[in-house]
Number of protein chains: 2
Amino acid sequence: MNKKQLQSELTKKRIADAARVLFIQKGYKATSIEDIVEVTGSSKGNIYYHFKSKEGLFLYLVEEWDHDWEQKWFEKESKYETTIDKLYGIAEQMVLDDLNHPLTKAADEFFNNEEKTSDVEERLAEMVVRHLKFYEKLIREGMEKGEFKQDNVESLAVILEGLFFGLSQMSRKSSMKEALELYQLAVKVFLSGIASRSS
Amino acid sequence: MNKKQLQSELTKKRIADAARVLFIQKGYKATSIEDIVEVTGSSKGNIYYHFKSKEGLFLYLVEEWDHDWEQKWFEKESKYETTIDKLYGIAEQMVLDDLNHPLTKAADEFFNNEEKTSDVEERLAEMVVRHLKFYEKLIREGMEKGEFKQDNVESLAVILEGLFFGLSQMSRKSSMKEALELYQLAVKVFLSGIASRSS
DNA sequence: AATAATACTGAACGTTTATTCAGTATTCTA
DNA sequence: TAGAATACTGAATAAACGTTCAGTATTATT
């Protein structure tokens, strides 16, 4: 690899990293290209040289994150024996990896606020479906193993996705330790409930 | 009351109602004054005649909603005997009243994205605290009655607030019926968990 | 009816922002 | 070393948006 190509990759990564932080902190729309210019030191033109558009830059980040997160989980998954342990493991990865699915909120804003142009909507919808499938598979596994009660798998997956999304909102200003404890308690509640006797 | 005053109040209400719908649908930043102009037929100047600014218009809606929701709940609360029933009642009111805490998302966007000017931040923070206190009181009551297991009240309140917030996100495109079923299942899970035997 | 007060209009202003592009600097190739 | 390819710059463009304001229409007051 060239010195030039190497430099180029580093620059692209530097832009992507800075943009990721900003999108997470400020959301999609509130993050301007100018913001990224200020943080990276790159010029506007250079950002557009590496990414076709703001939309393209954002999608790049989402796809990258989604890919990395799944990959990392699948590498760890086999180390957990029970489905219950997996649930705690997922919660842990969510907190430790990126303190709350960081781009989910920005992605949601993006998905809901932007003009419905191009294939972007389709790609993001696929992402949500993938998340739900991910949880459905887990919950179904737990039911088959007898760890979970029989119930509506699809709805439980939505609830779990919603719970984790909500928790990420609530713990945006928390420390990692606080967030982890919150997530763990939430998983415990999701598993056992808060009622003193089950109905 | 004058014919003029009446007309003025109606206009103000018309603007507020339209703005509420738009903020809910599109979020805070993505809703432009121009959007409100188009929907209401009022002019830009008229909107600024009735509300000092976009910020002021939004805060007006948040405060109005918060007030109405609490009032309505307190009127109903005594009709529920157990704390568990109250939880289901709250979920029901959330769905039926305004299909998902509608302004919470926009308020959150507002709170996180906007420049930290004025007393706005303070007022919104107070709102979140009020929500948590609301849930804390409920959970504490459930524990005192023996309906709930003893646990960290503050954290459970955060989880409950997070759960409801997350559910509202997930059911934005659902019908009222679907949303209600989802919320009810979520409350059931919050109470009893999904595990086949509690740990 | 005349004047004042209130309700409303919409063009104009200033700012912000995504995007482009003509040109410059750096590195590679032959 | 000459010229091509690549990486980068930053001023310019154009569109969008919140806000203002001078003026008009409507209703109230005397």
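The values are calculated or read from the model by the stated rules, or taken from the named source; none is laboratory data. All values reported here derive from a predicted model rather than from experimental measurement. Every residue, glycine as well, gets a Cβ built from its backbone with ideal geometry; the counts of neighbours run over all protein chains shown. Surface accessibility is based on the protein's heavy atoms, side chains included, excluding ligands, DNA and RNA. Shrake-Rupley method; radii C 1.70, N 1.55, O 1.52, S 1.80 Å.
Return the inverse of the average 1/r over all pairs of distinct C-alpha atoms in the protein assembly as shown, which is the Kirkwood hydrodynamic radius, in Å to one decimal. Intermediate results must be reported in sequence, preceding the final value.
Working: mean 1/r = 0.0436 Å⁻¹.
One decimal place: 22.9 Å for the Kirkwood radius.
In degrees between 0 and 90, to the nearest 10, how far off the longest principal axis of chain B does helix B:3-26 point, with axes built from Cα atoms? Result, in degrees: 50. Computed per residue of the protein assembly as shown from DSSP H runs no shorter than four, each worth -39500 (n - 2.57), the mean residue ellipticity at 222 nm is -25500 deg cm²/dmol.
Leaving ligands, DNA and RNA out of it, rank A:Tyr49, A:Tyr60, B:Tyr135 by accessible area with a 1.4 Å probe, largest first. Please list the in-between numbers first.
Values: A:Tyr49 170, A:Tyr60 85, B:Tyr135 5 Å².
Result, largest first: A:Tyr49, A:Tyr60, B:Tyr135.
Global dimensions of segment B:1-51 from alpha-carbon coordinates: Rg and Dmax equal 11.4, 37 Å.
Between the helical axis of B:120-144 and the longest alpha-carbon principal axis of chain B there is an angle of about 20 degrees.
Both chains summed, the buried accessible area for A and B stands near 3900 Å², from protein heavy atoms and a 1.4 Å probe.
Globularity index of chain B is 1.17 (Cα radius of gyration / 2.2 N^0.38 Å, N = number of residues). In a DSSP loop and with at most 12 other Cβ atoms within 10 Å, the GluC sites (Glu not before Pro) in segment B:1-105 are B:Glu81.
State the percentage of accessible surface on the protein assembly as shown attributable to carbon and sulfur atoms; use a 1.4 Å probe and exclude ligands, DNA and RNA. The computed percentage sits at 52.
Quick check: residue separation of A:Asn152 and A:Phe74 times 0.36 nm, minus the Cα distance between them. What number comes out in nm? The partial results should precede the final answer.
Values: separation 78, 0.36 × 78 = 28.08 nm, distance 2.48 nm.
Answer, rounded to one decimal: 25.6 nm.
Only Lys, Arg, Asp and Glu carry charge here, each on its Cβ (+1 for the first two, -1 for the last two); on that basis the protein assembly as shown has a dipole of about 400 debye about its Cα centre. Placing unit charges on each Cβ (+1 for Lys and Arg, -1 for Asp and Glu) gives the protein assembly as shown a dipole about its Cα centre, and among B:Ala186, A:Leu156, A:Ala125 the Cα reaching farthest toward its positive end belongs to A:Ala125.
When the other protein chains are added to the chain by itself, burial of at least 10 square angstrom of heavy-atom accessible area (probe 1.4 Å, ligands and nucleic acids ignored) affects these residues of segment A:148-166: A:Phe148, A:Lys149, A:Asp151, A:Ser155, A:Leu156, A:Val158, A:Ile159, A:Glu161, A:Gly162, A:Leu163, A:Phe165, A:Gly166.
For B:Asp85 and B:Ser53, compute 0.36 nm times the residue count separating them, minus their Cα-Cα distance, and round to one decimal in nm.
Numbers: separation 32, 0.36 × 32 = 11.52 nm, distance 4.14 nm.
Stretched out fully, the B:Asp85 to B:Ser53 stretch lengthens by 7.4 nm.
Annotation for A:Leu96, label-to-label distances across the other copies: 4.5 nm (shortest first, one decimal, point 7 Å from Cα along Cα→Cβ). So how tilted is helix A:176-192 from the main axis of chain A? Cα-based, degrees 0 to 90, rounded to 10. It works out to around 40 degrees.
Taking the Cα centre of segment B:1-51 as origin and assigning +1 to Lys and Arg Cβ atoms and -1 to Asp and Glu Cβ atoms, the resulting dipole is close to 180 debye. Residues of segment B:167-188 whose accessible area, computed with a 1.4 Å probe over protein heavy atoms, drops by at least 40 Å² once all protein chains are present relative to their chain alone are B:Met170, B:Arg172, B:Lys173, B:Leu182, B:Leu185. Please find the FRET efficiency linking A:Glu92 to B:Lys137, where r is the Cβ-Cβ separation and R0 is fixed at 41 Å, and quote it to the nearest 0.05. That pair, A:Glu92 with B:Lys137, gives E of 0.85. Using heavy atoms of the protein chains and a probe of 1.4 Å, the accessible area assigned to B:Lys29 is about 90 Å².
Close amide-amide hydrogen proximity is noted between B:Phe148 and A:Ser196, B:Met143, each under 5 Å apart and 5 or more residues distant or on a separate chain (H modeled in the peptide plane; Pro and chain starts excluded). Sorted from closest to farthest, the other copies place their B:Lys26 label points 2.1 nm away, with each point set 7 Å from Cα along Cα→Cβ.
Dipole size of chain A about its Cα centre, with +1 on Lys/Arg Cβ and -1 on Asp/Glu Cβ: approximately 500 debye, rounded to the nearest 20.
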